[in-house]
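Please treat every number below as a calculation from the coordinates, not as lab data. Quick caveat, the model's predicted, so the values are computed rather than measured. Cβ coordinates were reconstructed from backbone atoms using ideal geometry, including for glycine residues, and neighbour counts include every protein chain displayed.
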Amino acid sequence: MNDEKLMLYFYEDGLDAAERSAIRERLKTDVEYRGRYQRLCEDLQQLHTPDVAAPESLKNRLHDLVEQSAQREQHSKRRRRFDLTAFFFGVAVTAALVVGVGLGSLLDRPTATPASELMTAQTVSTDTLKRGVRVHFAETRSRLLDSEADRILVAARMIEQNRSLEALADDGGAHDLARILRAMEPVLVSLATEDLSPQQAAAMQQQLIFEINVVLTKLARQSSDSTST
Amino acid sequence: MVALLRTRPSQADFHRAISERSDRWYAACLRITRNPDLAADAVQDALLSAWAKRDQFQQSSKLDTWIHRIAVNAALQLLRRQKPGVFEPYESEVASADPGPAESLDAAELDDSLSAALQGLSDIERLCFVLKHLEQWRIREIADELECSEGTVKQAVFRGVRKLRGRMDDLRRDSA
C-alpha cells in the first residue's frame, strides 16, 4: 500500500469502504505504516499558504460594481413601472376615443336623425378627441419634466400614442387636431434619438413643452368656446 | 421550505463580504491562474455573477463562501480560455515541472515558500492540489470540472503532494 492511498485516507475521499477499512486495520497493527501516515499528516497540515492581499484598486472596483449594479436595477425598476403606467394610460385613452368616435360615427349615419342631434353627436366626438389629446399632451409634458424618466422611452411611448390619436382624429374628421398631432411627431422622433447630447435633449424638451403649452391653451379655449355656445 | 431558506442578500451584505473576504477570493484565484490580472478578472466576474443570481442564494450557506466558489470556477474558466490545453493530463512529469519565465516572475511576486513551490508543479498537478487540498473540493467534483477521470485527479494530487513534500524536506535541511 503506497502513500497515495494514505493521502486519500487523510482527505477522506476517493476510497471505497473496503479500502478505508483495510487502511484503518493496518494502522492499528503496523508501526512503520502508522509512522508514515503521521509524517504525511504533519506535512499535509503544513501545506497551507497565507492569503495574498487583493490590490486596493480591485477592492474599490468591487465596491463600485455593487453600487452600479444596484443603481442600474433601481433605474430599470423605475422604467418598468413607467412602462406599465404608460401602457394603461394609452389603453384608457384609446378606449375612450374609440368609444367616442364610434358613437359619433354611429350618430353621423344618414338617418332620420334631426340636424340638431347630428350636431351634438359631432360635438361629442370632437370633444372626446380633444379631451384625449389634452390628456395626451399633459402626460407628455409631465413626463418630459420628470428628470428621472428615460427620455428615449418617454418619447417612443408618446410617438406611439400620438400616432393612435392622429389616426382617430383623421377618422373622426377632426383634421385640425390631426395636423397638430402630426406637427408634434418630428420633435418627438428627434427626442427619441439616442445620440443627442444632454444639452440638445434639454433644449428640445423645452421647445416641445412650450409647444404643448400653446396647444393645450388653444384646446382649452376652444373647449370653453364650444361649451359657451 | 426551500423558499424559506432563500433570503436575498442585500447590497450591504455584498459590501461587507467584499471588505472581509475579497483577499481570500483573490488569493484562491491567483493560486489557480498564477496571473494577477486574470485573478482580478475572475473575482470581478464572480461578484457580478453572484449579484445577478442573488435570488438563488440559500441562507444555509454563507454569502462569502458562495462567492468564493463562484470565483474559483470563474478562475478555472478564464484559465481554460487562456490556456486551452491546461487541464489535459501530462505526458511527462519532468517536462512539465519546469516553470517558464512568466511563472518564475509570478513566483517571485507571490513571495512565499509554498506558493513558490507550487510553481514547480505542472498545471494539472497544481490545479488538482489547490482544488483538493486548499479549496477542499471532492475528487469527483474536480474530475467533473477539469473533464478528466477521478484516477487522473488522484494521481495529480498525489504527485503534487510528493513534489511539495520534497520541497519541504529541502527547506527543512536548509534551515537545519
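Quick check: pseudo-label points 7 Å beyond the Cα along Cα→Cβ at residue A:34 and residue A:17, how many nm apart are they?
Taking the two extended label points, one gets 2.6 nm.
Any idea how far apart residue A:76 and residue A:63 come out in nm if each label point goes 7 Å out from Cα toward Cβ?
Simple spin-label model gives 2.5 nm for this pair.
Is there a simple number for the mean count of other chain Cβ atoms within 10 Å of the Cβ of residues in A:57-66, and what is it?
The per-residue average across the peptide is 6.
So, counting K/R as plus one and D/E as minus one, what does the shell of residues with Cβ under 14 Å around residue A:216 add up to?
Local net charge: +4.
Taking 22 Å as the cut-off for C-alpha to C-alpha distance, list the pairs among B:62/B:132; A:59/B:132; B:53/B:83 that go past it.
A:59/B:132; B:53/B:83
With a ≥ b ≥ c taken as the square roots of the eigenvalues of the C-alpha gyration tensor of segment A:1-45, please select rounded if a/c is under 1.5 and otherwise prolate if a/b is larger than b/c or oblate if it is not?
Because a/c hits 1.5 or more and a/b fails to exceed b/c, segment A:1-45 counts as oblate.
Given 0.36 nm per residue, what is the gain on full extension from residue A:214 to residue A:171 after removing their alpha carbon distance, in nm?
The residue A:214-residue A:171 span can extend by a further 13.0 nm.
Only counting other Cβ atoms within 10 Å, I'd like B:148, A:41 sorted with the fewest neighbours first.
Ascending number of Cβ neighbours within 10 Å: A:41, B:148.
Select from A:31, A:15, A:46 the residue farthest towards the positive end of the dipole of segment A:3-46; place +1 on Cβ of Lys and Arg, -1 on Cβ of Asp and Glu, and compute about the Cα centre.
Toward the positive end, the furthest listed residue is A:31.
If R0 is 35 Å, what FRET efficiency do you get for residue A:189 and residue B:62 from their C-beta distance, rounded to 0.05?
Working from the Cβ atoms, E equals 0.10.
With label points built 7 Å along Cα→Cβ from the Cα atoms of residue A:25 and residue B:52, find their separation and express it in nm.
5.4 nm
Over all residues in B:27-38, what is the mean tally of Cβ atoms on other chains that come within 10 Å of each residue's Cβ?
2
How long is the gain from residue B:138 to residue B:173 if the chain were fully straight, where each residue apart is worth 0.36 nm and the alpha carbon distance is subtracted?
9.3 nm
Give the order of A:143, A:134, B:81 when sorted by the count of other beta carbons within 10 angstrom, beginning with the fewest.
Taking fewest neighbouring Cβ atoms as first place, the list is B:81, A:134, A:143.
Show me B:60-72, B:153-165 ranked by packing, highest mean number of other Cβ atoms within 10 Å first.
In descending order of packing, they fall as B:153-165, B:60-72.
Could you compute the net charge surrounding residue B:49? Neighbours are other residues with a C-beta less than 13 Å from the C-beta of residue B:49; K and R count +1, D and E count -1.
It works out to a net charge of 0.
Based on the Cβ-Cβ distance from residue A:51 to residue A:153, what FRET efficiency comes out when R0 is 51 Å, to the nearest 0.05?
Efficiency for this residue pair is about 0.65.
Fewest Cβ neighbours within 10 Å first, please rank A:9, B:26 accordingly.
The most exposed by this proxy come first: A:9, B:26.
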